[in-house]
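Written below as structure tokens is the structure these notes are about.
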Amino acid sequence: MDRWFDAYEAPEFTAFSPQHIAAIGVCVLLAALMYRLRGWLRAGKRPRYARWTIAAGLILCELSLNVWYAAENVFDAGNTLPFELCSITLYAAVFMLLMNSRRLLPFVYFAGIGGALQAIVTPVLGYGFPHFRFLEFFIAHLFIILAALHMVWIEGVRPTLRSLFAAFGWLNALLLPVWAVNRLTGGNYMFIARKPDTASLLDLLGPYPWYLLSLEGVALALFGLLYLPFAFRGKRRTGL
């Protein structure tokens, strides 16, 4: 049990191990289940209850993570503040769900799904299954994805090309305050100070600082792929 929670003696994470593949599989299955049940989830007050359930899951993940930081004495301003892209989109997703905000959907859909997918496939994670951090990491990122998919599949919100570029603009607007936080704390939030120590997509994008320009192109291309399901629909229920 101690190894399940201990920050210093824990199973090591191995990318694409059976446990990692299983976690990816569970994420895919739960997203597919939401799509399969989308008709049932639209009835009556179920959309509201579903929003609250996903929001509660995100809040619980964030609260439990900070409890773990405190309990294990691993809080570090350079590593544990909520300035990673997925942390920012997690907070945006909670507000979006609780307020049923259509305006927040583009950022959560494009930046949230894009960032969470990359994190799930190539995690920067030091703890393997069944450690608390392994479970919290995958649950939190899955719920970010489910939050965006809920707004699309259940609430009927449809991203537009205009909202794609708006989300891309907001993503770039975040770089300046996050850069300032990195300078103040010595951190590497959003990986804009240097590449992560573990293998990631950034390894394919060139040396620092040029990989930041490559990353801009990758982000825009990923946003475009996420927009494709809506690109050729003549009539949308709700556009943004």
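Taken over the C-alpha atoms, segment 1-135 has Rg and Dmax values of 16.3, 48 angstrom. In this structure, the amide hydrogen of V157, modeled 1.01 Å from its nitrogen in the peptide plane, lies closer than 5 angstrom to those of V152, counting only residues at least 5 positions away or on a different chain. Taking only the alpha carbons of the chain, we obtain Rg and Dmax values of 18.0, 56 Å in that order. Exposed loop sites, defined as chymotrypsin sites (Phe, Trp or Tyr not before Pro) outside DSSP H, G, I, E and B with at most 11 other Cβ atoms within 10 Å, are absent from the longest region of the chain, namely 17-231.
A Cβ-based charge dipole, computed about the Cα centre of the chain with Lys and Arg at +1 and Asp and Glu at -1, lands at about 1800 debye. Projecting each Cα onto the charge dipole of the chain (Lys/Arg +1, Asp/Glu -1 at the beta carbon, about the Cα centre), which of L97, F83, H20 comes out farthest on the positive side? Comparing the listed Cα positions along the dipole, L97 ranks first.
Where in the chain are the helices, taken as whole DSSP H runs, whose Cα atoms extend 27 angstrom or more along the long axis and whose Kyte-Doolittle mean reaches at least -0.5? Result, helices passing both filters: 46-71, 132-153, 210-231. Exposed loop sites were defined as GluC sites (Glu not before Pro) in DSSP loop states (anything but H, G, I, E or B) carrying at most 12 other C-beta atoms within 10 Å; in the chain the longest segment without such a site runs 13-240.
Read-outs: derived from the displayed coordinates by stated rules, not from any lab. Owing to the predicted nature of the structure, the values given are computational and were not obtained by experimental measurement. Here the Cβ is made from the backbone with ideal geometry for all residues, glycine too, and neighbour counts use every protein chain on show.
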